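Novice: Just passing along the structure, written as structure tokens.
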Amino acid sequence: VIVYSLWAAAGVRLMVPLSVESMFSLLPRRNLTEVITREVVSRRLPLIEGGIARIGALAEKTLPAPLMESGTDPSLLLPGIGAFVWVLGMILLFLYSVAAILRLKRKLAEAVLVEKQVFEAENLRTPFVLGMLRPKIYLPAGLNDEEKKYILLHEQTHIRRKDHIIKILAFALLCIHWFNPLVWVAFVLMSRDMELSCDEYVLKNMGEQVKKPYARSLLS
């Protein structure tokens, strides 16, 4: 559970990708950069300022004009192209997630209510929580009473800790940072630690004697 909690630091960093700067540092600070405005870059003739206006004008006429091709500098188009690809990737991931949820809901259309907010379905291979404001627990049909008891405790732990909301927020961050492979790795590992921390809670509350049957259920 401690490892799972530490993922909050990565989540906050991805939500607020700004660094807090301080005047204190172990490294010497030397500001050697100068700001070059777009007007200076796109000027056809070099700008020469002299003490006498006549000499400055003569120098500008004498120096050859820089060779500039007509059209826009390709380097200025790259940020726009990159932004388009980034937004397109976010939209595709969002549409994929919506389509996956709609497919899942069609699959759960014949689920049977067995108790409050708990459903069973014949075509499920693994239990899970679905929903944000009113989360529901879906269980595979055919579980015995002992399995159902600790699997329900596992899923109820998810709901109590708001893991179903955390998972949605984590996926939203994944959609925003989809171009970063480390964020995909972080999403997978965070999801794994989320499940392991729930398993840890079940074993802690139900005792060591449930370890073998619980492990068999996880494998199946």
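Novice: Any chance segment 177-188 includes a residue that's of a type in the set (Val, Ile, Thr) and over 30 Å from GLY82 (Cα atoms)? Walk me through it before giving the result.
Specialist: As a first pass, look at segment 177-188 and keep what is of a type in the set (Val, Ile, Thr): 183, 185, 188.
Now restrict to residues that are over 30 Å from GLY82 (Cα atoms): none.
Checking segment 177-188: not a single residue is of a type in the set (Val, Ile, Thr) and over 30 Å from GLY82 (Cα atoms).
Novice: May I ask you to list pairs of residues, at least six apart or on different chains, whose Cβ atoms are under 7 Å apart, with the first in segment 107-128 being more than 24 Å from ASP199 (Cα to Cα) and of a type outside the set (A, V, I, L, M) and the second being open to solvent by less than 40 Å² (accessible area, probe 1.4 Å) and in a strand (DSSP E or B)?
Specialist: These pairs meet every condition: GLU110/ALA121.
Novice: GLU147 is checked against (1) surrounded by 14 or more Cβ atoms within 10 Å (Cβ to Cβ); (2) under 28 Å from SER220 (Cβ atoms); (3) modelled with pLDDT of 90 or more and fails just one. What number does that condition carry?
Specialist: Here GLU147 clears every test but (3).
Novice: Quick check on my filter: what residues within segment 130-144 are under 21 Å from the mean Cα position of the chain (by Cα) and closer than 28 Å to ARG216 by Cβ?
Specialist: Of everything in segment 130-144, just one residue is under 21 Å from the mean Cα position of the chain (by Cα) and closer than 28 Å to ARG216 by Cβ, namely LEU130.
Novice: Does PHE179 satisfy the criteria of being open to solvent by 30 Å² or more (accessible area, probe 1.4 Å), of a type in the set (Phe, Trp, Tyr) and in a helix (DSSP H, G or I)? If you could, list the steps in order and put the result at the bottom.
Specialist: On the way: open to solvent by 30 Å² or more (accessible area, probe 1.4 Å): yes; of a type in the set (Phe, Trp, Tyr): yes; in a helix (DSSP H, G or I): no.
It is false that PHE179 is open to solvent by 30 Å² or more (accessible area, probe 1.4 Å), of a type in the set (Phe, Trp, Tyr) and in a helix (DSSP H, G or I).
Novice: Still on this structure, please answer the following. Determine which single condition SER97 fails, assuming it passes every other condition in (1) small (Gly, Ala, Ser); (2) part of a helix (DSSP H, G or I); (3) open to solvent by 40 Å² or more (accessible area, probe 1.4 Å).
Specialist: Result: SER97 fails condition (3) only.
Novice: Looking at this structure, is LEU139 under 19 Å from ILE101 (Cα atoms), open to solvent by 60 Å² or more (accessible area, probe 1.4 Å) and either assigned to a loop (DSSP other than H, G, I, E, B) or in contact with a Pro (Cβ under 8 Å, 6 or more places away or on another chain) (or both)?
Specialist: Numbers: under 19 Å from ILE101 (Cα atoms): yes; open to solvent by 60 Å² or more (accessible area, probe 1.4 Å): no; either assigned to a loop (DSSP other than H, G, I, E, B) or in contact with a Pro (Cβ under 8 Å, 6 or more places away or on another chain) (or both): yes.
Taking the combined requirement at face value, the residue does not satisfy it.
Novice: Pairs, please: C-beta under 6 Å, at least 6 apart or cross-chain, first residue under 15 Å from MET206 (Cβ atoms) and in segment 141-167, second hydroxyl-bearing (Ser, Thr, Tyr)?
Specialist: Pairs found: GLU147/SER217; TYR150/TYR214; THR157/TYR201.
The values are calculated or read from the model by the stated rules, or taken from the named source; none is laboratory data. Predicted, not measured: the structure shown is a model, and the values here were computed from it. All Cβ positions, even for glycine, are placed from backbone atoms using ideal geometry, and neighbour counts span all protein chains on display. Please note that ligands, DNA and RNA were not included when accessible areas were found on the heavy atoms of the full protein model with its side chains. Shrake-Rupley method; radii C 1.70, N 1.55, O 1.52, S 1.80 Å.
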